[in-house]
1. I want to check the label-to-label distance for D241 and R132. Put each point 7 Å from Cα in the C-beta direction and report it in nm to one decimal.
2. Label points 7 Å out from Cα along the Cβ direction at E67 and R146: separation in nm?
3. For the range 163-179, take each phi angle, set θ = phi - 60°, evaluate the Karplus expression 6.51 cos²θ - 1.76 cosθ + 1.60, and give the result in whole Hz per residue in order, putting x for glycine and proline.
4. Once you keep just the Cα pairs under 8 angstrom separated by 6 or more residues, what percentage relative contact order results for the chain?
5. Given Cβ point charges of +1 (Lys, Arg) and -1 (Asp, Glu) and nothing else, what value in debye, to the nearest 20, does the dipole of the chain about its Cα centre take?
6. Let me know the longest stretch in the chain that avoids all trypsin sites (Lys or Arg not before Pro) found in a DSSP loop with at most 13 other C-beta atoms within 10 Å.
7. One quarter of the convex hull surface, Cα atoms only: what value does that give for the range 53-205 in nm²?
8. Expressed in nm to one decimal, what extension gain is obtained for the pair S13 and R219 from 0.36 nm per residue of sequence separation less their Cα-Cα distance?
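Every read-out reported here was derived from the displayed coordinates using simple, explicitly stated rules and does not represent laboratory data. What you see is a predicted model; the values in this text were computed from it and never measured. As a convention, Cβ positions derive from the backbone with ideal geometry for all residues, glycine included, and neighbour counts pool all protein chains shown.
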Amino acid sequence: MTVNGRPLYVEESGHGPDQVLFEAGQGLGRTSWDPVLPLLADRARLVAYDRSGFGRSPRSDAPLTVEDLAADLVALADATVPGRFVLVAHSMGGLVARLAAERLAPRLRGVLLVDPTPETAPAYDAMEQIARRVDRTLAVVGPLIRLRAVARLAGGEVRRVFPPETYATMLAEDFVPAGIAQTRREFRAVAAAVPRLRARPPVPPACPTVLLSADRPRRGGERNHPALQEHQRRWTEALPDGRYERVDSGHFIQAEQPALVADRVRELLDRG
């Protein structure tokens, strides 16, 4: 479907009176929720999609901000999930979901954030410099990603935790030149958004909100990991109805602990 002038690929599955909408983390799309969706298929109608430039969604060269991504999520929700629903988001998608939640508030039964990016953490103080380094690296990787060995190296983290069939789809759809180009654009958009979000944080969700925090740091992130978790905890505990939960998992909790993620979605549906 076309959302805000951008064509987006959307997949629906499951059945039942309830509805759940999924937002992926950076660099991935709808397939990042593959381990969770079958566990909820008998409970709710499930909607997952590829942001512009990822998966089966065509690339767009229009100017991009995190606010644009949030506007796409809001418009997608309006078009695909009439009525009330639970919103689930992973990693950088948590920033998108929190911004979108400001406009979706009356319709949200609950929000589940899966190891979301806490923009207030000191690790993001130098986000502009980090973004420039990452951009230079991805600029080199992009043209080489057509080589299977390079694609497998770039997708090593997901290869270790996702089912083989899901990883094969990611390799074919996301770890391609267009996907790397879009990851660069989104990384720059997040870097630009951090100071704005710090100066004017999104309105906190008033609905029941659960934050799952990965206890195992990403490779190379061991030093910053405790502060990231602390900022996730502070944000959650300041909510009107928030729960912070540490999980024995790496960053892709939905791949390593899909039953836990599905259980928390059910709990939010039951409460809403």
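1. Here the answer is 4.6 nm between the modelled labels.
2. Taking the simple label geometry, E67 and R146 are separated by 3.8 nm.
3. With the stated coefficients, the range 163-179 comes to x, x, 5, 5, 4, 4, 5, 4, 4, 7, 10, 9, 8, 9, x, 5, x Hz.
4. It comes to 23 percent, rounded to a whole number.
5. The dipole magnitude comes to about 600 debye.
6. No qualifying site falls inside 1-145, the longest such stretch.
7. Value for the range 53-205: 9.8 nm².
8. So the extension gain works out to 70.8 nm.
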